[in-house]
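Novice: First, the structure itself, so that you have it in front of you.
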Amino acid sequence: MVESDMNIEALTTQMQERAAAYAAQHDTALNDEIVALGRSVPAAERTAAIAGLLAQAYIEERSFFDAAKTLSEVTPAERDGLWHYRMGYALYFFAVNRSPQLAILRLARTFLERAEEDAASTAEIERVFFGKPGGMLERCRDAIENKHGWYAEEPPSIGLEELIRTVEEEKECLRSEGMAFFAHNQRREITIHHHAATDKLPVGESKFYGTPDLPADFVWPYYKGTDFEDVTKNRPLAFLAQIDLGEAAQYDRTGLLPTSGVLSFFYETMSMEWGFRPGSKGYARVYYFPDKELLVPTAIPPETEEWSVGEQSLTFADAVSLISPFEYSRRTGKKVDWDTYNELRAEFGAAVAAYDGHHMKMLGYADEIQDAMEPECELYHRGFEEAAYQTLSEEERADLMEKAVGNWILLFQMGTVEEGDTELMYGDCGFIYFWIRKEDLAARNFDNVRLILQCG
């Protein structure tokens, strides 16, 4: 508890100094200090200045609901144009990134309009939000008008107090029910981190991109597909990654992976098939080489060089794997608050927040972006067109779902890799997911691996 006004003044000064330093340096440690200082003051004792600085720090770390909640504690008499802009900004991104409801967007618009009407605060708003997404009122109006095809209509409107209360109730519900759910359904995964190799990697060592190590008689795979310029052509698949299983299997708590050999992953990146067409095969391949001593460095086809960077050295770690927030919603019927979901992940020891950066992994749950992939894989494996699913009986659908969830394993998940000015991205900041049936993995048969691309 803060004991005096002098302490409040001193703390405010400290937060202002760190905010100024953060604006100049963008050092996340400085922002963390602002959050810690702001939290040290009980909510009832925070001044409008402290609440504003704390809310800004929450915005910087993308904790948009925490920012809105903190700002809501400021009395109406103390709410100036900057306050209204911060609130509108926080609510807009909360709606876009966390809770896609038109009611929240409409509420954000109200605050942004009030901020625009306050000419006296214009300079301070521009100072505080310099370098951040601009045109927020226009962005908000556009999102409301176009609905982006996915915003929920209900409720038609909501007040700030009701929103805060509703989200807090949802967070508490998720905490109590989610803890038990995640404890029962948790899996293990092998997380993968990469960095540019400083030296040429030994033959057979795990890597992203660069020069693959392959058998001397290896026949490079090709796929006839249509690229983004509507050109259909037979093209070589790009080399993505090789995994030294002797190293990776040390972190495999499931015992599913081979304990030796090399797995090599390929994908035709010009066509960049999404995996939605059952008849499409060969656009992605996985090869298993049991003896890495027989492998030799192999040049990649010139046509694939633009989809490659320098060799990326890999490190592995065993980690808890938790069901995606989307799957949690499907199974429980509960809306998911992303911030609370990530808090739960942290409590279970998950190393990274969901969808924070480009999480690479083997095994465990997929970080799905659009929908569950196991039913798709099972559907395609059975030779059904996607539309044919609607013609199946309830018994057939139930059998498909049961087989899908129990029999399809996430072999490998890969996202964007950056090196210098080069950025290799799948779709729009998406992931590619290599799926394999449990029996195929046990038989070391990688011919039927299915790749699916998802992006936002």
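Novice: Counting only residues 5 or more places away or on other chains, whose amide H sits under 5 Å from the amide H of Gln101 once H atoms are built in the peptide plane?
Specialist: Ala152
Novice: Okay, next question. Using a Förster distance of 60 Å, how high is the FRET efficiency between Thr232 and Glu170, based on the Cβ-Cβ distance and rounded to 0.05?
Specialist: Efficiency, rounded to the nearest 0.05: 0.80.
Novice: Enumerate the amide H contacts of Ser321 below 5 Å, restricted to partners 5 or more residues apart or on another chain; note that Pro and chain-start residues carry no placed amide H.
Specialist: Here the answer is Arg187, Arg188, Glu189, since their amide H atoms fall under 5 Å of that of Ser321.
Novice: Is the C-alpha gyration tensor of the stretch 247-304 telling us rounded, prolate or oblate? Criteria: a/c under 1.5 is rounded; beyond that, a/b larger than b/c is prolate, otherwise oblate.
Specialist: It is oblate, given that a/c is not under 1.5 and a/b is not larger than b/c.
Novice: Which entries of Lys224/Lys438; Lys171/Lys207; Lys207/Lys281; Lys69/Lys403; Lys224/Lys334 have Cα-Cα distances beyond 32 Å here?
Specialist: Lys171/Lys207; Lys69/Lys403; Lys224/Lys334, as the Cα separations exceed 32 Å there.
Novice: Mind listing the phi-derived Karplus ³J(HN,Hα) values for the stretch 26-41, rounded to whole Hz, using 6.51, -1.76 and 1.60 with θ = phi - 60°, and x for any glycine or proline?
Specialist: So the J values, rounded to whole Hz, are 6, 8, 4, 4, 5, 5, 4, 5, 4, 4, 4, 5, x, 5, 5, 9.
Novice: Past the 19 angstrom mark, what percentage of all C-alpha to C-alpha distances in the stretch 94-187 do you count?
Specialist: 55 percent
Novice: Compute, for the stretch 180-454, the length of the dipole vector about the Cα centre, with Cβ point charges of +1 (Lys, Arg) and -1 (Asp, Glu) only. Units Debye, rounded to 20. Could you put the intermediate results ahead of the total?
Specialist: Working: 25 positive and 47 negative charges, 147 e Å.
Magnitude of the dipole: close to 700 debye.
Novice: Moving on. Run the helix sum for the chain: -39,500 (n - 2.57) per DSSP H stretch of 4+ residues, divided by residue count, reported at 222 nm to the nearest 500 deg cm²/dmol. Walk me through the numbers before you get to the answer.
Specialist: Working: 15 runs with 181 residues, N = 456.
Taking each H run of at least 4 residues, the total per residue is -12500 deg cm²/dmol.
Novice: Suppose a student asked you for the relative contact order of the chain, using Cα pairs under 8 Å spaced at least 6 residues apart; what percent would you report?
Specialist: Relative CO of the chain lands at 12 percent.
Novice: Find, among the chymotrypsin sites (Phe, Trp or Tyr not before Pro) in the stretch 188-272, those assigned to loop by DSSP (not H, G, I, E, B) with at most 10 other beta-carbon atoms within 10 angstrom.
Specialist: Phe228
Novice: Go through the stretch 409-422 residue by residue and turn each phi into a ³J(HN,Hα) via Karplus (6.51, -1.76, 1.60, θ = phi - 60°); whole Hz please, and just put x for glycine and proline.
Specialist: Along the stretch 409-422, the couplings run 10, 6, 7, 7, 10, 9, x, 5, 10, 10, 8, x, 8, 8 Hz.
Novice: Additional query: If you work out Rg/Rh (Cα atoms, Kirkwood Rh) from the coordinates, which of (i) 1.00; (ii) 1.02; (iii) 1.12 do you get?
Specialist: (ii)
Novice: Let me ask something else about it. Taking the Cα centre of each part, how many Å lie between the stretch 190-215 and the stretch 12-31?
Specialist: The two parts, judged by their Cα centres, are 39 Å apart.
Novice: What are the residues whose amide H is under 5 Å from the amide H of Lys361, where those residues sit 5 or more places off or on another chain and H is modelled from the backbone?
Specialist: Ile192, Gln413
Computed from the coordinates by the stated procedures, all read-outs in this text should not be read as laboratory data. Bear in mind the structure is a predicted one, so any value in this text is a computation, not a measurement. Note that each Cβ is placed from the backbone with ideal geometry, even for glycine, and that neighbours are counted across all protein chains shown.
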